[in-house]
Amino acid sequence: MIRANSHFEKLKSSYLFRKIADRVKAFQEQRPEVRLIRLGIGDVTQPLPEACLDAFHKAVEEMGHVSTFRGYGPAEGYEFLRQAIAENDYRAYGADIGPDEIFVSDGSKGDCGNFQELFARDIVVGIPDPVYPVYLDSNVMAGRTGSFVDSAYQGVVYLPCSPETGFVPRPPELPVDLVYLCSPNNPTGTILGRNDLTAWVDWAKENKALILFDAAYAAFVRKKGLPRSIFEIDGAREVAVEFRSFSKTAGFTGTRCAFTVVPKDCRVFDDAGNLQPLYPLWYRRQTTKFNGVSYPVQRAAEATYSPEGQRQIDTIIEGYLKNADEICKTMKALGYEVAGGKHSPYVWVDAGMDDWAFFDLLLEKAGVVFTPGSGFGSKGAGYVRISAFGSSNGVVEAMTRIQQHILLSKSILPGEQPQ
Ligand code: PLP
């Protein structure tokens, strides 16, 4: 008798974005005249930079000729792309990472979800709360947790990200073997600074633990001196793996390209208690279950590092950050506590009420869609995530509508500041 993986039954039933889509659909059926503005799902809206598009076209053309055609590529990605990544994303920032430590992939979601396969079932996992749900759910599916009881999976060490912690996770008191960190964080938009990351690296060394560092939004860190990569921190090569993606950097959400860095110095214990390098495990995993990213996509990704590509990306990111700034300013002026939005496309707003109630309110009164924070973890309850990935006009209009509604509902005359 064929039986299902019973660990899937532990997963919380409703996937956040499905629930949002259902509510939005029901609302639109009732009120078809309302033009919705969606600042919910974290997908980009700007198209691929022209430099990427040109490289993409050229590479597609190469695939149509015997002399330039390419079949299967290396499972870890073409050398030209890994060289460009090592040079531009790491060595240019003083991080000692070589092309032979990089694995190109078709997305960080898969990499973040799959990496846990390399570890024993009975390790203890530490996960920020709230955070991108893939880390937790992939460990639940793998049977590394108990059941979901009182808003938490048994056996998981949650790392609270609340006003008390500055909305960033701090090293835990309890023993933990594997920690996921996400900076800039989805959904809170907060980042781990140099001191925060140094504390985490020191903690990992002391505790013989490993950090899986998700930097999918690294391109939004614009201020000099703020780390984009954990490998800018001394000693991180021994205790960290990093996930990066071209999705939010250069509009590759539909094109699909990302990479994972596994330093050769990073080691884990085998059953006999001896240290073994992690790199060959991920290499083995990838060559068994993954056959590489298409050549044209890798050429398009390589073009993100050209001078034109960099200029075009800067313009796009600056545009999104301007949207984030507009959102922060409006929500603060309306009296809301706000985090994130500075080095991130996400603004994290204390709704001052139940987050689904706030979601419904703004959907009905302003026709604006946000993401309720409780979908990212129990500490997200009472917060909403506002995404800056919309068009500039859409963001301005959404903020105007919210302002009008909130001011009206508080019976405050325009011009007066709410308390
Ligand atoms: N990591 C984080 C924190 C994300 O928010 C996302 C996507 O929203 C991803 C990874 C997935 O990126 P990709 O498009 O490369 O799969």
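The values are calculated or read from the model by the stated rules, or taken from the named source; none is laboratory data. Predicted model, so just to flag it, every value in this text is computed and none were measured. Methodologically, a virtual Cβ is constructed for each residue, glycine included, from the backbone with ideal geometry; neighbour enumeration extends over all protein chains shown.
Every condition in (1) assigned to a helix (DSSP H, G or I); (2) touching a residue at least 12 places away in the same chain (Cβ under 8 Å) holds for residue 310 except the one numbered (2). Here is the figure for the range 390-413: residues that are at pLDDT below 90 and aliphatic (A, V, I, L, M) total 5. Check the range 137-148 and report whether any residue there is within 16 Å of the ligand (Cβ to nearest atom), of a type in the set (Gly, Ala, Ser) and outside the structural domain of residue 382 (by TED's automatic domain parsing). Among the residues of the range 137-148, at least one is within 16 Å of the ligand (Cβ to nearest atom), of a type in the set (Gly, Ala, Ser) and outside the structural domain of residue 382 (by TED's automatic domain parsing), which makes the answer yes.
Scanning the range 168-207 for residues being of a type in the set (A, V, I, L, M) and outside any helix (DSSP H, G or I) gives a total of 8. Residues in the range 167-189 that are more than 16 Å from the ligand (Cβ to nearest atom) and touching a residue at least 60 places away in the same chain (Cβ under 8 Å): 178 alone. Check the range 295-303 and report whether any residue there is over 27 Å from residue 220 (Cβ atoms) and assigned by TED's automatic domain parsing to the domain that holds residue 207. The answer is yes, given that some residue of the range 295-303 is over 27 Å from residue 220 (Cβ atoms) and assigned by TED's automatic domain parsing to the domain that holds residue 207. When the range 107-125 is filtered for residues that are near the ligand (Cβ under 8 Å from one of its atoms) and either assigned to a loop (DSSP other than H, G, I, E, B) or not assigned by TED's automatic domain parsing to the domain that holds residue 186 (or both), only 107 remains. For the range 32-46, a residue qualifies if it is more than 16 Å from the ligand (Cβ to nearest atom) and either part of a helix (DSSP H, G or I) or touching a residue at least 24 places away in the same chain (Cβ under 8 Å) (or both), and the qualifying residues are 34, 35, 36, 37.
Restricting to the range 229-255, name every residue that is crowded, with 24+ Cβ neighbours inside 10 Å, within 16 Å of the ligand (Cβ to nearest atom), of a type in the set (Gly, Ala, Ser) and assigned to a helix (DSSP H, G or I). Passing the criteria: only 250.
Only one residue in 226, 275, 197, 210 is away from the ligand (no atom under 16 Å from the Cβ), over 27 Å from residue 71 (Cβ atoms) and in contact with a His (Cβ under 9 Å, 6 or more places away or on another chain), so which one is that?
Going through 226, 275, 197, 210 in turn, the sole match is 226.
Taken together, 354, 325 contain a single residue that is within 30 Å of residue 219 (Cα to Cα) and surrounded by fewer than 17 Cβ atoms within 10 Å (Cβ to Cβ), which is 325.
Only one of the numbered conditions (1) in contact with a strand residue (DSSP E or B) (Cβ under 6 Å, 6 or more places away or on another chain); (2) charged (D, E, K, R); (3) free of Cβ contacts under 8 Å to residues at least 60 places away in the same chain is not met by residue 91, and that is (1).
If the condition is being part of a helix (DSSP H, G or I), among the hydrophobic types (A, V, I, L, M, F, W, C) and in contact (Cβ under 8 Å) with a residue 24 or more places away in the chain, then the range 1-31 contributes 8, 16, 17, 20, 24, 27.
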